[in-house]
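Following: one structure in structure tokens, then a few remarks.
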Amino acid sequence: MLAVASKLASRVLPGRSRPHSHWQAIKSDRATAALAVSTVGIAGLVVAAQYTRLLSRRTHEEGSDRLLDSAPAAAVDTVGVAVEGYSATPNRELVLFNLLGGFLGSFAAVRLTTWAIREDWGPFRNVSVGGRHIHHFVPGILIGFGSGIAGLLLSGENADRRIARTLGVGMGLTFDEAALLLDMQDVYWSREGLFSVQLTLATAATLGITVLTLRILGRGETRQEEAGEIPAAEGQMNTVVPWPHPLS
């Protein structure tokens with residue numbers, strides 16, 4: 001009886017002693033997809049907030065409520081503020097900004113693409129070579145190695161910014177499939193544990209790039225305002241909490 005019970009238990013619970021595979025735990029995959037959507041959403045909110053701020057200035061400057069007439073000029077102002085702020089930002093901040101941007105961009109894109117493949121939605125399909133499925137951590141590692149080599153061979157601020165961006169992309173592609181690169185038998189590296197690590201790092205990266213973006217927009221807004229390219233913040237705009245305007 002004990003032998004029969006042991007066999008039945010092994011059949012009913014065959015996966016207890018095996019690590020989870022990459023294509024299991026649908027809830028965890030959906031959670032990481034939601035994390036990617038949240039990352040993209042926060043970026044959209046920052047841009048929308050800056051656009052709304054400048055749109056309010058344009059509308060107030062014209063002394064009317066003609067919102068639609070001010071919308072195109074506010075869009076041009078938003079682009080000009082971003083470009084001016086980027087060019088005025090110290091290289092060390094731009095390197096970090098590009099690194100975090102590449103990391104979060106690739107992580108969000110590959111999470112959403114993986115979710116689309118799982119749901120059989122859109123044109124997205126798995127990549128296979130010679131019948132072997134190629135996981136995206138492979139190009140991620142290659143991009144990361146290539147960026148490191150380029151960093152040793154190239155010098156200059158422009159090279160640093162480009163390399164930081166590609167390194168961030170490689171990190172995002174590799175980080176997304178960390179479950180395949182780790183020993184999943186450890187409880188800490190279970191699907192739930194891995195998601196908590198992904199959530200923590202992605203949240204930290206999102207907060208970091210949000211702060212850097214606000215600093216960049218703050219610099220650009222100050223310079224554009226001093227050059228007379230955008231209306232000055234006055235009157236009713238004094239009730240709006242401004243973005244940080246660093247001096248350097």
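The values are calculated or read from the model by the stated rules, or taken from the named source; none is laboratory data. Model, not experiment: these values are computed from the prediction. Ideal geometry is used to build each Cβ from the backbone, glycine not excepted, and the neighbour counts take in all protein chains shown.
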Would you call Ser21 modelled with pLDDT under 85 and outside any loop (DSSP other than H, G, I, E, B)? no
Flag if Arg58 is in contact (Cβ under 8 Å) with a residue 60 or more places away in the chain, part of a helix (DSSP H, G or I), basic (Lys, Arg) and in contact with a helix residue (DSSP H, G or I) (Cβ under 6 Å, 6 or more places away or on another chain): yes
Scan region 131-156 for residues that are without any contact (Cβ under 8 Å) to a residue 24 or more places away in the chain and assigned to a loop (DSSP other than H, G, I, E, B) and report the count. 5
Residue pairs meeting the criteria (Cβ under 6 Å; at least 6 apart or on separate chains; first in a helix (DSSP H, G or I), in region 70-91; second surrounded by 19 or more Cβ atoms within 10 Å (Cβ to Cβ) and of a type in the set (Asp, Glu)): Val81/Glu221
Is it true that some residue in region 118-125 is more than 21 Å from Gln50 (Cα to Cα), at pLDDT below 85 and not in a loop (DSSP other than H, G, I, E, B)? yes
Unmet criterion (only one of (1) surrounded by 14 or more Cβ atoms within 10 Å (Cβ to Cβ); (2) closer than 27 Å to Leu217 by Cβ) for Arg92: (1)
When the residues of region 118-176 are narrowed to those that are among the polar types (S, T, N, Q) and farther than 30 Å from Arg30 by Cα, which ends up surrounded by the most Cβ atoms within 10 Å (Cβ to Cβ)? Ser147
(1) of a type outside the set (S, T, N, Q); (2) under 21 Å from the mean Cα position of the chain (by Cα); (3) modelled with pLDDT under 90 all hold for His133 apart from (2)
